[in-house]
Amino acid sequence: MTIRPATETDHDLIHELWEEFEAELGHEPYQRETWEEAWEDLSETVEEGVALIAEDDDGRALGFIFCVLGDRGRHTAHVTDFYVRPEARRGGIGRALLAELIEPARGAGLEHVSLEVLMRNTDARRLYERLGFVPVDVFMVAPLGAFVDRLGSDERPRSSGSLHVQTDDEAGVKRAALQFLPRVGHSEWTEVSAADNGWVTVTDELCDRDRSAQRRLGAELSERMGVPVVAFALEEDALVRFLLFDRGRMVDEYLSVPTYYGDLNKADELSLAANATLVARLTGADPVQVRAVARTASSPSELPPARELLDQIADVMKLEARIER
């Protein structure tokens, strides 16, 4: 493998690689640019920045990297375009291309290398994190219609949830819920559904709008019935929470975005990750699947849509979250 500078004569080759790159990224319409727009910037980088092409021993192009040296808004060696063909990955080519930026960056008096990566591009993000890159800012997007609706309202998006009690005693669960809820507050309605796969489901209006009410009811049902209880919540249509209770005691809590409501110290943040061993013991879920699905992130945009994520987590536990109202 060799790495050489790109030149203007590589126009067609770079175009071919760029088209592959764009197709793999699958950009949303608002992120897309034409080749003509891209080449205008890339050709400038060929002349004034760092533009490199990696080739195999037969001269076939394997990838490219383009980097501007602190002259377009950022005082960093900023990678604007970086691509390695799929069949050539995991062979050190990406690292080799990035390594070629070190001397030009130093020569330009720069002290940092920067780049941008899609939240969903987990493989690339893992590589960059291993190389010492850390997030500095986040590009956020909202559909204009939803933005207008929420901008005109002072109300936060509503939340909803369901409790699942590991028993076939539907009547006992209903009796316990209706006896206890008046101690917590007034509820417009409470529904108790017949056992499904060995779990009775409880949904309640007060628990939807008051997370502490759901937490207290979950503990009460677990203690009174002497069985595990799982409480699911979809909060503000943006994040997922679940609580596990065993014999009246909360034994685990998961929140998909631990810092959503404010900064936490690292210990508190880590405590909101799912305990796959406990989930497996109380629900019969496969712990490997729990770890794969019940992930945490620093932003909802880094995870699947919250409703989809909740369904995935519930499915692993062989439960059906009741969140549609």
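By accessible area, using a 1.4 Å probe on protein heavy atoms only, the chain has 48% of its surface on carbon and sulfur. T190 sits among other residues whose Cβ lies under 12 Å from its own Cβ, and their net charge, with Lys and Arg +1 and Asp and Glu -1, is -3.
Heavy-atom accessible area for D252, with the other protein chains in place and a 1.4 Å probe, reaches approximately 10 Å². In this structure, R95 and H27 have a Cβ-Cβ separation that, at R0 = 30 Å, corresponds to a calculated FRET efficiency of about 0.75. For the stretch 26-75, the solvent-accessible area with a 1.4 angstrom probe is 55 square angstrom per residue. Thinking of the stretch 1-71 as a set of Cα atoms, what percent of all their pairs are more than 14 Å apart? The share of Cα pairs beyond 14 Å in the stretch 1-71 comes to 61 percent. Computed over protein heavy atoms with a 1.4 angstrom probe, the accessible surface ordering of I102, I65, I3, largest first, is I102, I3, I65. For the stretch 64-175, the alpha carbon positions stretch 75, 41, 25 Å along the principal axes, listed from largest to smallest.
Residues in the stretch 94-146 average 75 Å² of solvent-accessible surface per residue, probe 1.4 Å, ligands and nucleic acids excluded. Counted by Cβ distance under 13 Å from D286, the other residues give a net charge of +2, where Lys and Arg count +1 and Asp and Glu count -1. Relative to the dominant Cα principal axis of the chain, helix 211-225 is inclined by about 50°. Roughly how many whole Å is it from the C-alpha centroid of the stretch 287-325 to that of the stretch 39-92? That distance is 37 Å. Averaging the Cα positions of each part gives two centres, and for the stretch 236-250 and the stretch 1-28 these lie 47 Å apart. Placing pseudo-labels 7 Å out from each Cα toward the beta carbon at L278 and R74 gives an inter-label distance of 4.0 nm. Please give the FRET efficiency for W189 paired with D169, using the beta carbon to beta carbon distance and R0 = 25 Å, rounded to the nearest 0.05. That gives a FRET efficiency of 0.75. Of the chymotrypsin sites (Phe, Trp or Tyr not before Pro) found in the stretch 87-156, the ones in coil according to DSSP and having at most 10 other Cβ atoms within 10 Å of their Cβ are F139. The mean accessible area for residues of the stretch 205-325, using a 1.4 Å probe and ignoring ligands and nucleic acids, is 45 Å² per residue. Shown are T122, T45, whose ranking by accessible area with a 1.4 Å probe and every protein chain present, most to least, is T122, T45. Protein-only accessible surface at a 1.4 angstrom probe places the residues E8, E191, E55 in the order E191, E8, E55, largest first.
Of the GluC sites (Glu not before Pro) found in the stretch 275-325, those that fall in a DSSP loop while having at most 14 other beta-carbon atoms within 10 Å are E324. Close amide H pairs (under 5 Å, H built 1.01 Å from N) link L62 with A54, E55, D56, residues at least 5 positions away or on another chain. Loop-resident trypsin sites (Lys or Arg not before Pro) (DSSP state other than H, G, I, E or B) in the stretch 222-274 with no more than 16 further Cβ atoms inside 10 Å of their Cβ: R247. Per residue, the convex hull spanned by the Cα atoms of the chain measures out at 170 cubic angstrom. Classify the stretch 242-296 as rounded, prolate or oblate from the Cα gyration tensor: take a ≥ b ≥ c as the square roots of its eigenvalues, call it rounded if a/c is under 1.5, otherwise prolate when a/b beats b/c and oblate if not. Since a/c reaches 1.5 but b/c is at least a/b, the shape of the stretch 242-296 is classed as oblate.
Helical runs assigned H by DSSP (4 residues or longer) give the chain a calculated mean residue ellipticity at 222 nm of -11500 deg cm²/dmol, each run adding -39500 (n - 2.57) before division by the residue total.
On full extension, the segment bounded by R247 and R307 gains 18.7 nm, given 0.36 nm per residue less the C-alpha separation.
The values are calculated or read from the model by the stated rules, or taken from the named source; none is laboratory data. The model shown is predicted, which means the values in this text are computed figures rather than measured ones. Virtual Cβ from ideal backbone geometry, glycine too; neighbours counted across all protein chains shown. Surface accessibility is based on the protein's heavy atoms, side chains included, excluding ligands, DNA and RNA. Shrake-Rupley method; radii C 1.70, N 1.55, O 1.52, S 1.80 Å.
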